Amino acid sequence: MTALVIPLSSPPSGNLPPNPDPQVQMMLMLTESFSKLNSVLGDKTGDSKNDWPKFSGDYKKFRGWYLSIMAQISIPPWSELYDDALNNIVSTTTNMSLNGKLYTKLLVSLEGQALQDVVS
């Protein structure tokens, strides 16, 4: 089984000075993350009927959660991120919008210790 690897942060997409203050850079990344999260929470189309399964960090339940997420990604509108031939996620994508939505959907699906681990 191949692990689903998604970066925990990405550089802000705006134009930044060459060496921004670390606090300013952190605030810009947080603003972008909240913006992406807000776009997913506000999106009532697509899979709003089927909330994604929650994962609290119990390793015994990880496989079931992972398989549920992979099943979700294999259907529209997420199927662009899924490789049918390999039965896995694609290694690269140029659809940054969909990739950002996936990242925020995964964050929303975490709870408890799993969410605390990602936040820290």
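The values are calculated or read from the model by the stated rules, or taken from the named source; none is laboratory data. Please read all numbers here as calculations on a predicted model, not as lab measurements. Here the Cβ is made from the backbone with ideal geometry for all residues, glycine too, and neighbour counts use every protein chain on show.
Across the range 65-88, what is the number of residues that are within 15 Å of the chain's Cα centre (by Cα) and not small (Gly, Ala, Ser)?
Count: 11.
Which one is farthest from ILE75 (Cα to Cα), of the residues in the range 87-101 that are among the aliphatic types (A, V, I, L, M) and not in a helix (DSSP H, G or I)?
Restricting to residues being among the aliphatic types (A, V, I, L, M) and not in a helix (DSSP H, G or I), the top hit is VAL90.
Which condition does THR94 not pass, out of (1) among the hydroxyl-bearing types (Ser, Thr, Tyr); (2) over 15 Å from TRP52 (Cβ atoms); (3) surrounded by 12 or more Cβ atoms within 10 Å (Cβ to Cβ), if it passes all the others?
The number of the failed condition is (3).
Report, ordered by the first and then the second residue, all pairs with beta carbons closer than 9 Å, sequence separation of six or more or different chains, a first member in the range 92-114 that is among the basic types (Lys, Arg), and a second member that is part of a helix (DSSP H, G or I).
That search, which allows pairs on different chains as well, returns LYS101/LYS36; LYS101/SER39; LYS101/VAL40; LYS105/VAL40; LYS105/ILE69; LYS105/GLN72.
With respect to GLY64, is the statement that it is within 22 Å of GLU32 (Cα to Cα) and assigned to a helix (DSSP H, G or I) true?
Numbers: within 22 Å of GLU32 (Cα to Cα): no; assigned to a helix (DSSP H, G or I): yes.
No.
Name the residue, out of GLY46, GLY57, that is modelled with pLDDT under 85, in a loop (DSSP other than H, G, I, E, B) and either surrounded by 12 or more Cβ atoms within 10 Å (Cβ to Cβ) or of a type in the set (A, V, I, L, M, F, W, C) (or both).
Values: GLY57 fails: modelled with pLDDT under 85.
That would be GLY46, the only listed residue that is modelled with pLDDT under 85, in a loop (DSSP other than H, G, I, E, B) and either surrounded by 12 or more Cβ atoms within 10 Å (Cβ to Cβ) or of a type in the set (A, V, I, L, M, F, W, C) (or both).
Going by the structure shown, is TYR82 farther than 20 Å from SER33 by Cα and in contact with a Ser or Thr (Cβ under 6 Å, 6 or more places away or on another chain)?
Here the answer is yes, as TYR82 does meet what is asked.
Using beta carbons and a limit of 8 Å, which pairs, at least six apart or on different chains, have the first residue in the range 63-86 and free of Cβ contacts under 8 Å to residues at least 12 places away in the same chain and the second one in a helix (DSSP H, G or I)?
SER79/ILE73
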